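S.K.: Could you have a look at this structure, given as structure tokens, before my questions?
The values are calculated or read from the model by the stated rules, or taken from the named source; none is laboratory data. Bear in mind that the values here come from a model prediction, so they are computed numbers and not experimental data. Cβ: placed from backbone, ideal geometry, glycine included. Neighbour counts: every protein chain shown. Areas reflect the complete protein model, heavy atoms only, side chains present, ligands, DNA and RNA absent. Shrake-Rupley method; radii C 1.70, N 1.55, O 1.52, S 1.80 Å.
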Amino acid sequence: MKNELRAYRDRHDLSQGDLAAAVGVSRQTINALERERYDPSLELAFKLAGFFECSIEDLFDPELE
């Protein structure tokens, strides 16, 4: 699934590890999401959107493959 996670992370000047700690996952999970090798669970998608104060659709676009 296409996503804007890295762009949001860069805008907030966060490392993958910083973001991972903030939402309770491993740095490897953030890396896999950014590389589009893993689709987030609904719970994780909500956590990420809440952290960045945006909608899930702003971060993830299931229509763009």
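S.K.: Would you check which residues across region 1-22 are free of Cβ contacts under 8 Å to residues at least 12 places away in the same chain, part of a helix (DSSP H, G or I) and among the hydrophobic types (A, V, I, L, M, F, W, C) and list them?
M.R.: A7, A20, A21
S.K.: Is there a residue in region 23-34 that is in a helix (DSSP H, G or I), open to solvent by 60 Å² or more (accessible area, probe 1.4 Å) and polar (S, T, N, Q)? Reasoning before the result, please.
M.R.: From region 23-34, those in a helix (DSSP H, G or I) are 23, 27-34; that's our starting set.
Then keep just the ones that are open to solvent by 60 Å² or more (accessible area, probe 1.4 Å); that gives 27-28.
Then drop every residue that is not polar (S, T, N, Q), which leaves 28.
Within region 23-34, one or more residues are in a helix (DSSP H, G or I), open to solvent by 60 Å² or more (accessible area, probe 1.4 Å) and polar (S, T, N, Q).
S.K.: Using beta carbons and a limit of 7 Å, which pairs, at least six apart or on different chains, have the first residue in region 29-44 and at positive phi and the second one open to solvent by less than 30 Å² (accessible area, probe 1.4 Å) and not in a helix (DSSP H, G or I)?
M.R.: Once the first residue is at positive phi and sits in region 29-44, its partners that are open to solvent by less than 30 Å² (accessible area, probe 1.4 Å) and not in a helix (DSSP H, G or I) give E36/N3.
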